[in-house]
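These notes concern the structure reproduced below.
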Amino acid sequence: MSSLCREVITLQLGHYSNFAGTHWWNLQDASLSYDPESPPGEIQSDVVFREGQTLGGHVTYTPRLIAMDLKGSLRTLRQEGSLYDAGKDTSAVTWDGSITMHEESPPAKNSFLEDLDKLDKGEILAEADFPSSSQPQCSARSLSVDTVNSHLARVQKSYRLECSVKVWSDFLRIHLHPRTISVIHQYNHDGEAHRLEAFGQGESLLQGSVLEELEDRLHFFVEECDYLQGFQVLCDLADGFAGLGSKVTELLHDSYGGRGILTWGLLPVSHPDSTPVKDLYRLLNCTLGMVHMASHSSLFCPLTLRGGLGRRPSSPTTFTHLSYDPSLWYHSSSVLALALDTLTAPYRLRNNSVPMWQLADDLAVSGRKVVAAYGAVPFPMMHGSSLPDALSTYTDILPWRPLSGCAEAGDGRCYGQWATLKGFEGQKLISSLAAGTKPPTPLHSLHSGEDVLASYIRSFYPSAPLALQLVSTPSELAPPFPQIFSQSLGAQGFLEGQPPPPGSTPRVVSSVPVMTSLQSGPALDPWLSELHRGVSAFDIRRVAPSFLSQGPEVSDYQEALEQLRLLARCYRDDSRGVMRSSSEEEDDD
């Protein structure tokens, strides 16, 4: 066992990725504790957080993060943040000419952001008579994380932000480093003019000042790392950020060879401005982005609650104990963030961590660098029961649902799988039957949680290579995480025997257990092949000529489609497991 801190740098590229990323960072922030008497947690926060110091000498703890978005996407958030603010220059300005003042009202802040401002100003501290704190300013605020959480939890019911969240900064809990946010001024977030809609637009962005600024930010975060294990990239797939992400992952691959690059391509369930032409653009962006980012990454995984990646997906993914609105980015991104908190746990552990390159090597065998994600959000476990009890109720179907728009094959075939169960704290991993009692299922006779989970998964995938991780710490839910959970769940996210009586105060879920799976298997063949058929069914030069106006060239586009076709073949049982050239296939014929 080793507690060596292998740092990870996170990049968030695009508005929906920043939605999911904001929820993810809020989850990390909610789990932090500065109590010197507490034992170190299972998750090593220094993997993704960095310690710094303001000009005034205050210790800070901020994400090791680069977040890129478009002009107009920040609303009330200052690009440079306020944590390292040295104060405004109040010296007199000498000017003999006339001065015209133009005053513009700033965007209104929601109740959550207003409370965070009060924390900054000390107003809540005085009102609540909280003790002063000299803890690092990570969650904002000059109060310790536990103090912030305890206050905000009291007013959780007032944080119904579904109607007030317009951008991701509307629910951001934490302070960011001044080098974190990078705004692309060439394109607008709002309005119809100057939108980043096409793959080629994004590709062409990474040059000149945008490239220099990104390289400067990367060097800043990389140079302060002692044992950098790699990069986790969250990138929008539906718009021009797919092209930017392709160039960014290529830059990471070329500049930081040997480091892991895990890329998560994010897609919302729906867009508020959908039209047939825009839907076609999104399909093309998704296709090109997946091909290019997969080739430059150690591992690539789409994350979406859509029923598929094509223009006519099936119904959005549903979860038995969630009630979320798929049309709200604030909701759907919170579900993906919960899954991502568990998916990324193996390489963030304090002990027995799995470096991201090892996770990628276990799954990306023989050119299969695209994987599909599945999740049980939350993991359905009765309070006070055991893991064998929970799993034995799902004998015919696994408890997880698709998180990549890719249905499982259902025939027990899989080339490799990583499964993680997170958040069983306080529950039993094995059965506690009295001596001489016959186990009701084979799972109840096993003697470790790892054996129980492995035996269960292998009952569905008997011959597939399997790696798994058990993490007892749950995902902590702090305001303003949306309360999208069934009333059948208790405060810790476990199933209760009875729902609350009519007229009683609704239950507030403060943490949840989650189980996820990353899979590489034959199910990805029809999934990728369907995507290939969708983009091959029309002549792009006739149907969407403007898409190619800023690149790629027609020949590059056709080559990308061929790479997608060959990528799908990698997942067929009758393939050699490697991408073959067209000439090799012709020889086979």
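The values are calculated or read from the model by the stated rules, or taken from the named source; none is laboratory data. Fair warning: this is a prediction, and the values are worked out from it, not measured in the lab. Every residue, glycine as well, gets a Cβ built from its backbone with ideal geometry; the counts of neighbours run over all protein chains shown. For the accessible areas, the whole protein counts, side chains as well, though only heavy atoms, and no ligand, DNA or RNA atoms are used. Shrake-Rupley method; radii C 1.70, N 1.55, O 1.52, S 1.80 Å.
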For the pair His271 and Asp573, how long in nm is the line joining their label points, each one 7 Å along Cα→Cβ?
-> 3.9 nm
With every protein chain present, what is the per residue accessible area of the stretch 525-570 (1.4 Å probe, Å²)?
-> 51 Å²
Can you tell me which of 183-191, 57-65 comes out highest on packing, and rank the rest after it, using the mean Cβ neighbours within 10 Å?
-> 57-65, 183-191
Which residues' amide hydrogens lie under 5 Å from the amide hydrogen of Leu70, considering only partners 5 or more residues apart or on another chain, with H built in the peptide plane?
-> Ile184
Restricting to the chain, compute how many DSSP beta bridges are antiparallel as a %, nearest 5.
-> 40 percent
How large is ³J(HN,Hα), in whole Hz, for each residue of the stretch 210-219 in order, when computed from phi with the Karplus curve 6.51 cos²θ - 1.76 cosθ + 1.60 and θ = phi - 60°, using x for Gly and Pro?
-> 5, 5, 4, 5, 5, 4, 5, 5, 4, 4
Cα convex hull of the chain: how many Å³ per residue?
-> 190 Å³
Debye-sum result for the stretch 245-345 in log10 I(q)/I(0), which assumes one identical scatterer on each alpha carbon, at q = 0.13, 0.15, 0.20, 0.22 Å⁻¹ = -0.55, -0.71, -1.09, -1.20
Short to long, in 5 Å steps from zero, the percent of alpha-carbon pairs of the stretch 525-570 per bin is 5, 21, 28, 23, 14, 7, 1
Residue-normalised value, i.e. accessible area per residue, for the stretch 237-389 at 1.4 Å probe, in Å², stands at 29 Å²
Nitroxide proxy distance, nm - points 7 Å out along Cα→Cβ at Ser536 and Ala407 | 2.2 nm
Determine the gain in length on full extension of the stretch Cys225-Lys71; use 0.36 nm per residue of separation and subtract their C-alpha separation, reporting nm with one decimal.
-> 52.4 nm
Determine ³J(HN,Hα), in whole Hz, for all residues of the stretch 481-496 in sequence, where each value follows from phi through the Karplus function 6.51 cos²θ - 1.76 cosθ + 1.60 and θ = phi - 60°; x replaces Gly and Pro.
-> 4, x, 8, 10, 9, 5, 6, 7, 9, x, 4, 8, x, 8, 5, 9
Using a Förster distance of 45 Å, how high is the FRET efficiency between Gln79 and Met382, based on the Cβ-Cβ distance and rounded to 0.05?
-> 0.45
For 337-343, 535-541, ranked highest to lowest by mean beta-carbon neighbours within 10 Å, the order is 337-343, 535-541
Listed pairs Lys71/Lys166; Lys121/Lys422; Lys109/Lys247; Lys71/Lys278; Lys109/Lys278; Lys71/Lys247 exceeding 25 Å between Cα atoms | Lys121/Lys422; Lys109/Lys247; Lys109/Lys278
Indicate the gyration tensor shape class of the stretch 364-521 (rounded, prolate or oblate), computed on the Cα atoms with a ≥ b ≥ c the square roots of the eigenvalues: a/c under 1.5 is rounded; otherwise a/b larger than b/c is prolate and the rest oblate.
-> oblate
Show the residues, 5+ positions off or on another chain, whose built amide H is closer than 5 Å to the amide H of Leu196.
-> Asn188
Leu322 long-range amide H proximity, modeled H, under 5 Å = Ser486
Reach of Lys438 by Cα under 23 Å, taken over lysines that are not fewer than 8 positions away in the same chain | Lys428
Determine ³J(HN,Hα), in whole Hz, for all residues of the stretch 463-474 in sequence, where each value follows from phi through the Karplus function 6.51 cos²θ - 1.76 cosθ + 1.60 and θ = phi - 60°; x replaces Gly and Pro.
-> 10, 7, x, 9, 10, 9, 9, 10, 10, 6, 5, x
